[in-house]
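**Student:** Sharing a structure with you now.
The values are calculated or read from the model by the stated rules, or taken from the named source; none is laboratory data. All of these numbers come straight from a predicted model, not from anything done at the bench. Glycine also receives a Cβ, built like all others from the backbone with ideal geometry; neighbour counts cover every protein chain displayed.
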Amino acid sequence: MNVLVIGSEGFIGSHTCNYLASRRHSVYKADIVMKDEENYFALNPEQIDFSSLFLDRKYDVCLNASGAANVQFSFNYPALDYSLNVSNVYMMLEAIRRYNPACRFINLSSAAVYGNVSTLPIAEKNTGVPLSPYGWHKLYSEQICREFATYFSIGTISLRIFSAYGPGLKKQLFWDLYNKFRQAEGEEVELFGTGNETRDFIYIDDLVKAFELIAEKADFSGQSMNVSSGTETTVLEAAETLRKHMKASPRIRFNGREKHGDPKNWRADIHTLRGFGFTAATTIDEGLRNYAEWAARAQI
Ligand SMILES: NC(=O)c1ccc[n+]([C@@H]2O[C@H](COP(=O)([O-])OP(=O)(O)OC[C@H]3O[C@@H](n4cnc5c(N)ncnc54)[C@H](O)[C@@H]3O)[C@@H](O)[C@H]2O)c1
């Protein structure tokens, strides 16, 4: 496949490019990071023009791994979050519609569209209420994908990724925890919530394999699809596992306070993804061991 990855220099984008290249796909990259590399397009963040990506070259698939990936950021800068997660998706699809209509579009959405859902596992038809601007913006991006599939016959799919993690991720729960454990050696680390909150974590190597399966096997009819491991892990268990692999000693104390925008329990219904032959190969124990090793090397 000829694949264009927009947001190629980010956490998910960079792993996706490396994996697809290792599978002998032709990979083209685009990001706002300035660098000179073959098959790389440096976009000007002041004047984003996605059309230029599609004028001279045609792709089978475009995967959008750009955008903001942070709930708190969306509370602080809602308009910027909207521009990155909604307006840009529209502009990418408009460029595809005009210059490369055969290109199928993969939109990285998020489980944040669900908010708190009472029934687990969470199925795609389960429409909760998002708990943050980020969650709403991802929902709007999904609707845009549906619009282009319905009215302009552009092949689109939105992937509701739950909690992705792995080497290279310098944000979210595990990066915060890593830094707290390191800085509070021998003392106590305080975390939000009760520890009984659950998440469905997916290791980055499994996520990028899921992308390839989806690109090859999904029909691109504007639908939304869960992508995760399908395994529920408590925040307490995840925190203790990371602490074990860091050989750190701080006690973990949960303060019982809810964090703005954070849901309580998440486990994805991934039967559609399983139908494509997907199984998550990396346990949370293995994944966090790799993460702790990488973070120790990456620490400045
Ligand atoms: N990390 C997760 O757990 C997770 C979960 C669900 C959904 N997602 C979604 O996946 C996407 C990627 O997440 P991530 O964690 O890799 O984020 P990231 O911040 O690591 O990467 C985003 C990349 O996009 C680039 N970018 C920003 N604006 C751009 C633009 N206008 N044009 C081209 N590139 C631009 C950035 O330079 C960066 O390299 C986001 O849309 C995020 O919401 C991530």
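**Student:** When segment 197-223 is examined, which residues are found to be closer than 26 Å to Gly287 by Cα and of a type in the set (A, V, I, L, M, F, W, C)?
**Tutor:** Phe201, Ile202, Ile204, Leu207, Val208, Ala210, Phe211, Leu213, Ile214, Ala215 - these are the residues of segment 197-223 that are closer than 26 Å to Gly287 by Cα and of a type in the set (A, V, I, L, M, F, W, C).
**Student:** Got a sec? Which of Val61, Val89 is among the β-branched types (Val, Ile, Thr) and crowded, with 24+ Cβ neighbours inside 10 Å? If you could, list the steps in order and put the result at the bottom.
**Tutor:** Working: Val61 fails: crowded, with 24+ Cβ neighbours inside 10 Å.
From the options Val61, Val89, the qualifying one is Val89.
**Student:** Name the residue that is surrounded by the most Cβ atoms within 10 Å (Cβ to Cβ), counting only residues in segment 274-294 that are among the β-branched types (Val, Ile, Thr) and assigned to a loop (DSSP other than H, G, I, E, B).
**Tutor:** Narrowing segment 274-294 to residues among the β-branched types (Val, Ile, Thr): 279, 282-284.
Next, from what is left, pick out any that are assigned to a loop (DSSP other than H, G, I, E, B): 279, 282-283.
Numbers: Thr279: 11, Thr282: 19, Thr283: 15.
Going through the qualifying residues, I end up with Thr282.
**Student:** Mind counting the residues in segment 53-66 that are out of contact with any strand residue (DSSP E or B) (no Cβ under 7 Å at 6 or more places or on another chain) and either within 12 Å of the ligand (Cβ to nearest atom) or of a type in the set (Gly, Ala, Ser) (or both)?
**Tutor:** Total satisfying the criteria: 0.
**Student:** Another question, if that's okay. Residue check: is Val89 modelled with pLDDT of 95 or more, touching a Ser or Thr at 6+ places or on another chain (Cβ under 9 Å) and within 12 Å of the ligand (Cβ to nearest atom)?
**Tutor:** yes
**Student:** What pairs come out if I take residues in segment 39-52 that are in contact (Cβ under 8 Å) with a residue 40 or more places away in the chain and farther than 13 Å from Ser66 by Cα and pair them with residues that are among the acidic types (Asp, Glu) and more than 9 Å from the ligand (Cβ to nearest atom) whose C-beta lies under 9 Å away, six or more apart or interchain?
**Tutor:** Taking only residues 6 or more apart or on different chains, the pairs are Ser51/Glu94.
**Student:** Which members of segment 191-241 meet the condition of being assigned to a loop (DSSP other than H, G, I, E, B) and of a type in the set (Asp, Glu)?
**Tutor:** In the first step, residues of segment 191-241 are kept if they are assigned to a loop (DSSP other than H, G, I, E, B); the result is 192-197, 200, 218-220, 228-232.
Selection gives Glu197, Asp200, Asp219, Glu232.
**Student:** Can you name the condition, by its number, that Trp175 falls short on among (1) hydrophobic (A, V, I, L, M, F, W, C); (2) surrounded by 17 or more Cβ atoms within 10 Å (Cβ to Cβ); (3) farther than 13 Å from Asn290 by Cβ?
**Tutor:** (2) is the only condition that Trp175 fails.
**Student:** Considering only segment 73-83, state which residues are in contact (Cβ under 8 Å) with a residue 24 or more places away in the chain and within 10 Å of the ligand (Cβ to nearest atom). Spell out how you get there, then give the answer.
**Tutor:** From segment 73-83, those in contact (Cβ under 8 Å) with a residue 24 or more places away in the chain are 73-75, 78, 81-82; that's our starting set.
Scanning segment 73-83 gives Phe73, Ser74, Asp81.
**Student:** Looking at the structure I just gave you, is Asn70 within 10 Å of the ligand (Cβ to nearest atom) and either touching a residue at least 60 places away in the same chain (Cβ under 8 Å) or touching a helix residue (DSSP H, G or I) at 6+ places or on another chain (Cβ under 8 Å) (or both)? Walk me through how you get there before you give the answer.
**Tutor:** On the way: within 10 Å of the ligand (Cβ to nearest atom): yes; either touching a residue at least 60 places away in the same chain (Cβ under 8 Å) or touching a helix residue (DSSP H, G or I) at 6+ places or on another chain (Cβ under 8 Å) (or both): yes.
The answer is yes for Asn70.
**Student:** Of everything in segment 147-178, what is more than 17 Å from the chain's Cα centre (by Cα) and within 16 Å of the ligand (Cβ to nearest atom)? Give them in sequence order. Don't jump to the end; show me each part of the working.
**Tutor:** Residues of segment 147-178 more than 17 Å from the chain's Cα centre (by Cα): 147-155, 176-178.
Within segment 147-178, Asp176, Leu177, Tyr178 meet the criteria.
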